[in-house]
1. Which is farthest toward the positive dipole end of region 160-246 among Ser246, Gly211, Thr229, measuring Cα position about the Cα centre, with Cβ charges +1 (Lys, Arg) and -1 (Asp, Glu)?
2. Test of understanding: what is the full-extension gain from Ala62 to Ala24, defined as 0.36 nm times their sequence separation minus their Cα-Cα distance?
3. Does region 195-295 come out rounded, prolate or oblate by the C-alpha gyration tensor, with a ≥ b ≥ c the root eigenvalues, rounded set by a/c under 1.5 and, if not, prolate when a/b is larger than b/c and oblate if not?
4. Starting from the eigenvalues of the Cα gyration tensor, five times each then square-rooted, give me the equivalent ellipsoid semi-axes of the chain, largest first, whole Å.
5. Which of the three applies to region 121-234, rounded, prolate or oblate, going by the alpha-carbon gyration tensor with a ≥ b ≥ c and a/c under 1.5 meaning rounded?
6. In debye, nearest 20, what is the charge dipole magnitude of region 133-253 about its Cα centre with +1 on Lys and Arg Cβ and -1 on Asp and Glu Cβ, if you could check?
7. Between Arg108 and Glu267, with labels modelled 7 Å along Cα→Cβ, what's the label distance in nm to one decimal, could you check?
8. Using unit Cβ charges (K, R positive; D, E negative) and no other charged atoms, how large, in debye to the nearest 20, is the dipole of the chain about its Cα centre?
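Readers should treat all values here as calculations from the given coordinates under stated rules, not as data from a laboratory. Because the structure is predicted, anything quoted here is derived from the model rather than measured. Don't worry about glycine lacking a Cβ; one is built from the backbone with ideal geometry, like all the others, and counts go over all protein chains shown.
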Amino acid sequence: MPRRFLVTGGAGFVGSHLVAALLARGDDVVVFDNLRTGHRGAVLPGAGFVQADLADAGAIDAMLAGGRWDAVFHFASLSLVGDSMREPMHYLAENSGNGLRLIDACIRHGVTRFVLSSTAALFGHPERIPIDEAARIDPGSPYGESKWMLERALLWADRIHGLRSAVLRYFNAAGADPDGRLGEDHRPETHLIPLVIDAALGRRPEIAVFGTDYDTPDGTCIRDYIHVTDLADAHLLALDRLDGGSVTYNLGSSHGHSVLEVIRAVERVTGRPVPVRLAGRRPGDPAALVAASARIARETGWTPRFQELDAIVRTALRWREAHPHGYAT
Ligand code: UFG
């Protein structure tokens with residue numbers, strides 16, 4: 001019998017790629033998404049779809065009551081660090097509130113497996129790089145805090161109710177489905193790689209480099225870009241690991257790249273120059289975030305297929321060229 005999964009936020013960037021991975025191995029999938037930031041076109045044929053909001057407790061109950069679920073994957077979330085600094089209570093209420101409602105419903109409906117998209121934003125301005133699972137938690141933003149609250153809630157859900165969870169702390173998800181079916185479509189787009197690609201393609205005048213005076217070799221911020229399909233694969237492996245108990249993993253490629261290195265990579269891959277404007281720091285940005293992902297590699301055998309930044313950029317470029325208006329194309 002195929003396994004059956006509920007995916008909140010399955011019409012979003014990372015969620016849609018997880019759905020693709022589940023469908024590829026023959027699982028049954030239902031996407032639960034309010035389409036506020038997700039896209040109907042990101043839900044691949046073969047997946048069920050329910051347009052509903054996690055603020056609607058009745059909709060969650062109806063969904064979970066409608067049959068046996070092998071696990072719930074929870075992606076649906078506001079995810080912009082900068083916005084969360086402007087509207088902290090909104091971020092905490094929405095991300096933590098919705099997540100708590102969902103966890104509570106899972107417990108009441110007898111769901112025994114839960115997978116949470118968490119974030120490197122938990123680590124704030126880290127003392128050491130690379131960052132392993134034992135690093136000090138000190139969220140640098142209400143966004144990071146909202147995910148930390150859910151991590152803590154899952155700890156108690158496991159201890160008291162036996163709900164096993166895989167907490168996956170993503171570093172910078174990037175790239176696109178290698179088959180070209182799915183990609184990154186945020187409105188507005190704030191992420192570095194799609195913006196630099198647009199600058200290379202002449203779809204925007206330039207890329208602003210946010211900060212050139214960080215304590216890094218070239219003065220620009222360092223991030224760990226991990227291919228979204230590698231991220232999706234990690235979810236499947238982490239889920240299988242839950243038979244042995246709950247797990248928490250930091251998920252990155254374990255390689256750091258500066259903003260200027262990303263720009264150079266896009267220039268190499270597109271063969272075009274990228275107009276650059278050096279700008280001031282963006283509030284809240286840590287100088288460097290690089291994952292130590294040895295634990296998930298050791299415990300599940302996970303190995304990222306996209307090891308090179310250029311290979312990640314190539315998949316993002318392919319989707320962006322074919323979809324100048326994202327899923328509306
Ligand atoms: N950047 C620029 N110019 C831009 C956009 C970004 O210089 O126009 C820089 C940022 O300052 C940062 C880097 O590029 O140094 C990456 O920025 P992104 O906005 O692409 O990603 P973030 O690292 O800010 O955040 C992402 C996710 C968060 C998550 C975080 C964890 O959006 O949800 O990774 O690492 F929490």
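1. Ser246
2. Details: separation 38, 0.36 × 38 = 13.68 nm, distance 2.68 nm.
Answer, rounded to one decimal: 11.0 nm.
3. Values: a/c = 3.02, a/b = 1.84, b/c = 1.64.
Cα axes put region 195-295 in the prolate bin.
4. Values: eigenvalues 193, 97, 69 Å².
The answer is 31, 22, 19 Å, longest axis first.
5. Details: a/c = 2.40, a/b = 1.47, b/c = 1.63.
Because a/c hits 1.5 or more and a/b fails to exceed b/c, region 121-234 counts as oblate.
6. Details: 12 positive and 20 negative charges, 83 e Å.
Computed about the Cα centre, the dipole is about 400 debye.
7. In this crude spin-label approximation the distance works out to 5.7 nm.
8. Values: 35 positive and 40 negative charges, 60 e Å.
Once rounded to the nearest 20, the dipole reads 280 debye.
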